[in-house]
Structures are given as structure tokens and as C-alpha cells.
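J.: This is the structure I have questions about; it appears just below.
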Amino acid sequence: MKHIIEASHVEFKYGDEQDNILDGIDLHVERGQFVAIIGANGSGKTTLAKHFNAILLPLQGTVLVDGMDTADEKVLYDVRRTVGMVFQNPDNQIVASVVEEDVAFALENLGVERSEIRSRIEEAMETTGIAKYRKSSPHKLSGGQKQRVAIAGVLAMSPECIVLDEPTAMLDPVGRARVIRTILSLNRDRGITIVLITHFMEDAALADRILVLSRGSLVKDGIPREVFGDAPLLRSLDLDVPIVTELCSRLREEGYDLPETVTGVDECVDLIESLFAQAGEVGR
């Protein structure tokens, strides 16, 4: 099956609220893709994410995970084994007093054999770069280290897809960079499908594809260049564009010949270096 997640006409609202939080969402996520979801506060990002591993169920429509209907209680375990979830605050996922015990927690509850648990937690800790903290208390680690412990705990479950809900929102720049590197490695080196909910446009620009939500509806779906090339739409939704995109836009306004859709730092640096080189040659 090409699509690991499919949402069809999904509607959802909490309790007796009149307005839908999700209003007719139709989307799919392909296997091995890195998909970013962006949107202003209240746009429905977290609510949508919780539908991807059956924390929430649609009031109308369907969500399929690897072809399994999340509303079918008989496949709940398989759904959550296929799609793992990492939340914004790692303290909400850390349950043990020692890092390696926390990574092993879910596996032990599922009755996985001890030898299998050991190999899985070793691999998960090495992959996320937290092996050296195995005997440490998670609560004494930095925010970024805690978040990588949370990711390791999900990774040990061997999911095909990991959904991360604002995993860097509470981190400093160093911690954020390390978590993003871990996410990219899981996707590019391990082939794990990634769904990243973020308000950092620079992080979204690293994705293969970006989904833009507004008031519970999907209003834009495309590669980063397409999405960030529509700056008027993003600004109308109170969203920014990546800093490098804004920089190149301002340079174009000053008369410099630059592409309209620059999203990567390396690409921006190369273009500006080229401008300096051209200016140097003109000045000779």
C-alpha cells in the first residue's frame, strides 16, 4: 500500500462545541515521506495528529493507517504499533527513573522477550544519540535530551511512521537542532515516515511536503517551494516564511536577481556568494 495514512472527509469537534475543529479533511501521507503540518494556533494541527494513531476518532469520515480503520477497536494495537506519537512536552511521556528503563517501558508492557527488548533499546538509543545517558535520570537531562529519550521510546516500538507534535517548541536552539537532526536521520537513513507538526518554518522547509491548515481545513498542500512561494496566503493566516526566503525576497526588492522561492540555508548562501562573485568581477 502506497499510503500509510489516509484521511477522508474527517470531521471532529470536542464535546458540545458548535464549530468543528476539523472540517472535512482529506489528505494522505505516502510511505517514507517527510510531511510537515503548519498552521496558526487553533487551526487543528494537534487534533489532526491525534487522529493518526487513534488517540482521537473522527465524528464523521474515516482515517486509515496502513489500510486499517482507526475506529475499529480490534486493530487498535496494530494502528499504534504502526504509527508512534511524540508530544511537545517530553515530561508527559517519560515514566521511568532511568533512561534505558524508560525506553524499554512500552516493550515490557507488551511482553516482548527480554533479549529482543535489549537489542531494540540499544538500537533506539544509539540512533537518537542518547546511549551515553542510559543510566541517567531522564529528569536531570536537558529539554533536547529528554525529547530524544521520548523519541527513542517510540522508536523502540519499531513503528513505520512517527508523528511529532511540536517536538522542538520548548527547546533552546541547540536542543532543537539536535532533535531535528535526529528526525531527519530517522527519515533519510531508516526510511521511517515522518509527520512533523511545527511552527518553525525553517524546520518545515526541510520536509518533502507541507500541509497548511486553517480553521480545521486543509488550505494548501505542496512542496516547500510551492507553499512558501505563496507568501500572501501564509501572511493572511498569520504564518511566516523561512528567514532565508524573507531575506531573498528583500534582496529582490532591492534589484538583485534571485529566485522567488528560496527555502534552504545552503541554497541562500550559494546564491549570495554568487552575487558577491559577480559584483567582484564587475568591479575589476
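J.: Using only Cα atoms and rounding to the nearest 10 degrees, what angle (0 to 90) does helix 99-109 make with the longest principal axis of the chain?
T.: So the helix axis and the longest Cα principal axis differ by about 50 degrees.
J.: Go through segment 164-173 residue by residue and turn each phi into a ³J(HN,Hα) via Karplus (6.51, -1.76, 1.60, θ = phi - 60°); whole Hz please, and just put x for glycine and proline.
T.: 10, 9, 6, x, 10, 4, 9, 9, 7, x
J.: Further question on the same structure: Measure nothing but the geometry: give the 0 to 90° angle between the long axis through the Cα atoms of 143-155 and the longest principal axis through the Cα atoms of the chain, rounded to 10°.
T.: Approximately 60 degrees, to the nearest 10.
J.: Tell me the label-point distance for the pair E122, E246, using the 7 Å Cα-to-Cβ offset, in nm and rounded to one decimal.
T.: 4.7
J.: With a Förster radius of 45 Å, plug the Cβ-Cβ distance of A96 and E226 into 1/(1 + (r/R0)^6) and report the FRET value to the nearest 0.05. Display every interim value, and only then the final one.
T.: On the way: r = 43 Å, r/R0 = 0.96.
Once rounded, the FRET efficiency stands at 0.55.
J.: Please name which of G216, L141, P58 has its Cα lying farthest along the dipole of the chain towards the positive end, using unit charges on Cβ (Lys, Arg +1; Asp, Glu -1) and the Cα centre as origin.
T.: Looking along the dipole axis, the top candidate is L141.
J.: In Å, the Kirkwood hydrodynamic radius of segment 1-77 over pairs of distinct alpha carbons? Please report the intermediate quantities before stating the final value.
T.: Details: mean 1/r = 0.0774 Å⁻¹.
Over segment 1-77, the inverse of the mean reciprocal pair distance is 12.9 Å.
J.: Pop a pseudo-label 7 angstrom from the Cα along the beta-carbon direction at both L233 and I55 and give the gap in nm to one decimal.
T.: If labels sit at L233 and I55, their model points lie 2.7 nm apart.
J.: Can you tell me the alpha carbon radius of gyration of the chain divided by the globular rule-of-thumb value 2.2 N^0.38 Å? Before the final figure, lay out the partial values.
T.: On the way: Rg = 20.7 Å, N = 284, 2.2 N^0.38 = 18.8 Å.
Output field value: 1.10.
J.: Between S185 and L76, what is the label-point separation in nm under the 7 Å Cα-to-beta-carbon projection?
T.: Going by the 7 Å Cα→Cβ label model, 3.5 nm.
J.: Of the listed pairs K74/K135; K50/K74; K2/K45; K2/K74, which have alpha-carbon separations greater than 26 Å here?
T.: On the way: K74/K135 37 Å; K50/K74 18 Å; K2/K45 23 Å; K2/K74 23 Å.
Too far apart for the 26 Å limit: K74/K135.
J.: Another question about this same structure. Connecting C-alpha atoms closer than 10 Å in a GNM of the chain, tell me which of L218, L206, L247 has the biggest fluctuation.
T.: L247
J.: If you count the DSSP beta bridges with both ends in segment 80-225, what percent of them are antiparallel, to the nearest 5?
T.: 35
J.: Another question, then. Among the DSSP beta bridges whose two residues both lie in the chain, what percent are antiparallel, rounded to the nearest 5?
T.: Looking only at bridges with both residues in the chain, the antiparallel portion is about 50 percent.
J.: Here is a further query. Considering only C-alpha atoms, what is the centroid distance from segment 4-41 to segment 196-251, in Å?
T.: Their Cα centres are 17 Å away from one another.
J.: Can you return the aspartates and glutamates within cross-link range of K13? Criterion is Cα-Cα under 20 Å, with same-chain partners fewer than 8 residues away left out.
T.: Leaving aside aspartates and glutamates fewer than 8 places away in the same chain, those within reach of K13 are D23, D26, D69, D72, D165.
J.: Between 0 and 90 degrees, rounded to the nearest ten: what's the tilt of helix 243-253 against the longest Cα principal axis of the chain?
T.: 20
J.: Another question about this same structure. Would you please give the residues with an amide H less than 5 Å from that of L196, counting only those at least 5 places away or on a separate chain, with H modeled from the backbone geometry?
T.: V35, A36, I37, L164
Bear in mind these aren't lab numbers, they're just calculated from the coordinates by the rules spelled out. Predicted model, so just to flag it, every value in this text is computed and none were measured. All Cβ positions, even for glycine, are placed from backbone atoms using ideal geometry, and neighbour counts span all protein chains on display.
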